[in-house]
Amino acid sequence: MKRSSTSESTNSSLTSPPAQVVPKSESHTESFDEIDRLLMDMNKGNNNIFHENDDLNEIEDMLFGTLPIDDWLTIENIRSIFVSNFQNNQPQSNNNNNNNDVTDPDSALVVWSHWASKIGLQLINFFGQIDEFEKLDVDDRFILIKFNMFSLFPIFKCYLYKTADEYYLSEKNKCEQRHCRPLQSCSSKERIHENFQNIMLSLFPMTEQDPVLFSLVMLILIFTQGLAMNENQPPLKDELAVHRAQNHYIKLLWNYLINKKGETYTYKYFNELLLIIFRMQIVSKESRDYFRQQMLASNAMDKMAPLMQTFLNIS
């Protein structure tokens, strides 16, 4: 799949407002009128206002604002799935796990592969509970998981580390404990690691530790054709279904941000997100190629997590 077509498709999807997303000015006027009326009723001492069905419906309309109730229900369902999968079931950071097992670069790769594999399995379980993903052709699901999953790791690591300060501390501890041995031998490693850190720092303010933002951004990316920039990626059997699924979640993210932050912020957010995705593609490809080479050159291939071998296109 050519990268130019992918970039154009992603660019047009993320930078153009979804149809029927931007609210009409009339809805704002009506909402303000309803607020004024309710305030006047409260000043008149109507203590039963919250017990009337009609008034409850009016208040509900104001609370949902510009976001249709169908979108609210879908977003809440996705948020619930994300929280149930990740909030109380987070894998330990790889610098705090299996400390005694890391004795050389090969063993460090083995530990890293099993840690990353646990994250991959949780993400697969999350996507498996999303209707649009489950309805895809089984071969298309496999292709998207195999080629796109590695690019999602920076986003999920933001969720694990919570804040940029916590991430900095973790990186400092890893270097002090010498658990970054797979990335200690050459200057290319240092450049990849620095670029990965920059991606992480860009993602923290974009995700705000909001499960909805994490969920929607990852869903948009898993449905992105050609995200891995891999010439060996086979074509999808039903590209239109994947494109429709991605557009669905782009629209949900757009509506969610419009309702939460406003139109100006949403335009800015999508522009920044698009730039981060382009950078993430490059960094993920460099990192994936590096780890693939390290694994192929190691003497511990039989100990590497099979799922990570799949993500790195070794098997």
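So the values come out like this:
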quantity	calculated
Whole-number D in µm² s⁻¹ for the range 185-275, Kirkwood Cα-pair radius fed into Stokes-Einstein, 25 °C, 0.890 mPa s	162 µm²/s
Per residue accessible area in Å² of the range 186-315, where ligands, DNA and RNA are left out and the probe is 1.4 Å	43 Å²
Accessible surface ranking that places the most exposed of 146, 118 first, with a 1.4 angstrom probe	118, 146
In Å², nearest 10: area of residue 296 left accessible to a 1.4 Å probe	100 Å²
Apportionment of accessible area to carbon and sulfur, the range 205-259, percent (1.4 Å)	49 percent
Probe 1.4 Å - accessible area at residue 193, Å² to nearest ten	50 Å²
Exposure of residue 191 as accessible area (Å², to 10), given a probe of 1.4 Å and all protein chains	110 Å²
Contact order relative to length of the range 187-315, as percent, for alpha carbon pairs under 8 angstrom and 6 or more apart	29 percent
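The values are calculated or read from the model by the stated rules, or taken from the named source; none is laboratory data. What you are looking at is a predicted structure, and each value in this text was computed from that prediction instead of being measured. Just the protein is used for accessible areas: all its heavy atoms, side chains included, with ligands, DNA and RNA removed. Shrake-Rupley method; radii C 1.70, N 1.55, O 1.52, S 1.80 Å.
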